[in-house]
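The values are calculated or read from the model by the stated rules, or taken from the named source; none is laboratory data. The shown structure was predicted, so the numbers you read here are calculated from the model rather than taken from an experiment. Cβ atoms come from the backbone with ideal geometry, glycine included; neighbour counts cover every protein chain shown. The area values use the complete protein model at the heavy-atom level, side chains included, leaving out ligands, DNA and RNA. Shrake-Rupley method; radii C 1.70, N 1.55, O 1.52, S 1.80 Å.
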Amino acid sequence: MQIEIQITPQRIAETISPLLAGVGALAEFSGIVRAEEAGRAIAALEYEAYSPMAEQVMREIIAEIGSRHPCLCVRVTHRIGIVPVGETAIQLLVTARHRVEAFAMLTEFMDRLKQDVPIWKRRALSGDEFDALKKS
Amino acid sequence: MRVLLFAHLKDATSAAELEIKISDDLDADGFWRALLAAQPALAKFRPTTRLARNGEYADAQTRFSDADEVALIPPVSGG
């Protein structure tokens, strides 16, 4: 199984999925920053990661899930730093021979990410805070 | 020993990393005692904070030495 992980402050662009021989299913998930956090309007979230450990833990999680649900390729891109509302904070692309494995990888990985991968929403920025940050 | 802090633990100490000196190999309880002697403000976070030694989550058998890099991992919230 091919595993590709990137933790980046750069905006996540649309990507071309890795189409390997045997691919019969492609599942894609993008986590988008909502305009509301804990009941209040926000303009952006700031993410922080312990990047070396986060990448290693993600690889272990993907390998463990892949041992039960064999997939061909898993590509994870997680953004860090300031991520404005409406932009992608995490993108997950999974290819497999069949849809069942691809869906299982996608949902189980996202659950495990939120339990074990050392990445944090550092703070939620209001419109005023985000504007002040852009001007600084 | 280098200790890394993240998220709100950084705010509690006003530091992203700390240096503490330990003389022996310690278990997790011993590590926390040494850490809290230097940074008592972290005490209230101990019940919800996991330890990672050199980039891997610690378990009940993990021993910590002065050459290790230890990260304090508060509840994660990625994605």
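Things worth noting here:
- Unique match (being open to solvent by 20 Å² or more (accessible area, probe 1.4 Å), of a type in the set (Val, Ile, Thr), more than 28 Å from A:LEU133 (Cβ to Cβ) and over 11 Å from the mean Cα position of the chain (by Cα)) among A:VAL57, A:VAL85, A:VAL23, A:VAL94: A:VAL23
- Qualifying residue in segment B:6-13 (condition: open to solvent by 60 Å² or more (accessible area, probe 1.4 Å) and either more than 30 Å from A:ALA124 (Cβ to Cβ) or more than 14 Å from chain A (Cβ to nearest Cβ) (or both)): no
- Residue match in segment B:52-67 (condition: within 25 Å of A:SER51 (Cβ to Cβ), among the charged types (D, E, K, R) and in contact (Cβ under 8 Å) with a residue 60 or more places away in the chain): yes
- Taking the listed residues B:ILE22, B:ILE73, the one that is more than 14 Å from chain A (Cβ to nearest Cβ) and either touching a residue at least 60 places away in the same chain (Cβ under 8 Å) or open to solvent by less than 60 Å² (accessible area, probe 1.4 Å) (or both) is B:ILE22, with no other qualifying.
- B:LEU51 within 14 Å of another protein chain (Cβ to nearest Cβ) and open to solvent by less than 40 Å² (accessible area, probe 1.4 Å): yes
- Selection within segment A:37-54: residues that are at pLDDT 95 or above and touching a Leu at 6+ places or on another chain (Cβ under 8 Å). The member of this set that is farthest from the other protein chains (Cβ to nearest Cβ) is A:ALA43.
- Scanning segment A:97-125 for residues that are open to solvent by 30 Å² or more (accessible area, probe 1.4 Å) and either more than 14 Å from every other protein chain (Cβ to nearest Cβ) or without any contact (Cβ under 8 Å) to a residue 40 or more places away in the chain (or both) yields A:ARG97, A:HIS98, A:ARG99, A:VAL100, A:GLU101, A:PHE103, A:THR107, A:ASP111, A:LYS114, A:GLN115.
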